[in-house]
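Single-structure report; data block below.
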Amino acid sequence: MPRSHRLRPAPRGTSLLEVTIAMSILLVGLLGMMHFQIAGITGNNGGRMQGIATELAQEVMEGVERLPFGDPLLAPTGTTGPTQPVPFGSLLDGSGGILPGAHEWADATPIPGVRLAGEVPAEFERRWSVWGYSPGSGGSATVKVIAVSVVYREPALRFPREVVRYTQIFEPRALIVNVAANQ
């Protein structure tokens with residue numbers, strides 16, 4: 001018989017071993033994609049929480065800016081003078097605790113235009129520190145520098161996170177006196 005007419009073996013189906021290997025490769029790929037999906041969901045949640053914290057800090061900052069200079073909510077949280085008190089600004093310590101010494105949000109003394117505690121998710125804590133700046137130690141403050149801190153806890157993270165916003169309020173009478181003195 002000529003070579004071209006030899007019978008070729010009939011094509012066989014896929015063996016069980018080949019199917020098992022293909023399924024294993026597919027499974028590894030799907031698990032990798034699932035890991036990326038979980039990381040994406042966690043990242044989106046963290047971004048959403050940071051956005052809410054930034055919005056809350058901005059809200060408190062704008063409310064504080066509308067208060068009169070002598071309001072008790074704007075009482076300095078440390079000494080008044082040319083150097084800032086400690087703590088000021090960031091209120092988180094290295095172990096995830098919150099440093100004392102700042103004004104804490106209380107519904108008993110609300111700031112006009114700022115949401116009450118029941119209207120804010122429980123994961124968020126609002127505080128603010130006030131530094132009464134004066135050119136000399138022990139003098140009366142001519143400027144109040146305010147650091148608004150919103151501390152929040154993400155479920156996926158071990159330590160809390162924080163958003164800090166800064167603003168300042170000037171004593172109008174001190175500005176008038178300084179303008180007159182500098183003319």
Starting from 0.36 nm per residue, how many nanometres of slack lie between ARG161 and ALA108 once their C-alpha separation is accounted for? 16.5 nm
Between SER15 and ASP71, with labels modelled 7 Å along Cα→Cβ, what's the label distance in nm to one decimal, could you check? 8.0 nm
Packing-based order for 81-89, 43-51, using average beta carbon neighbours within 10 Å, highest first: 81-89, 43-51
Carbon/sulfur fraction of accessible area - the chain, other protein chains in place, 1.4 Å, %: 61 percent
With label points set 7 Å from each Cα along the Cα-to-Cβ direction at GLN58 and SER140, the distance between them in nm comes to 3.6 nm
With n ≥ 4 as the cut-off for DSSP H runs, can you work out [θ] at 222 nm for the chain, using -39500 (n - 2.57) per run divided by the number of residues, rounded to the nearest 500? -12000 deg cm²/dmol
Calculated from backbone phi, Karplus (6.51, -1.76, 1.60) coupling profile of the stretch 147-155 in Hz, x at Gly/Pro: 10, 9, 10, 10, 9, 9, 10, 8, x
Which whole-number value in Å² is the accessible area per residue of the chain, probe 1.4 Å? 65 Å²
Among DSSP beta bridges whose residues both lie in the chain, state the antiparallel percentage, nearest 5. 95 percent
Per the rule of 0.36 nm per residue minus the C-alpha distance, extending ALA22 to GLU154 adds in nm 43.6 nm
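The values are calculated or read from the model by the stated rules, or taken from the named source; none is laboratory data. These numbers were taken from a predicted model, which means no experiment stands behind them. All Cβ positions, glycine included, derive from the backbone under ideal geometry; neighbour counts span all protein chains shown. Ligands, DNA and RNA are excluded from the accessible area calculation, which covers all protein heavy atoms including side chains. Shrake-Rupley method; radii C 1.70, N 1.55, O 1.52, S 1.80 Å.
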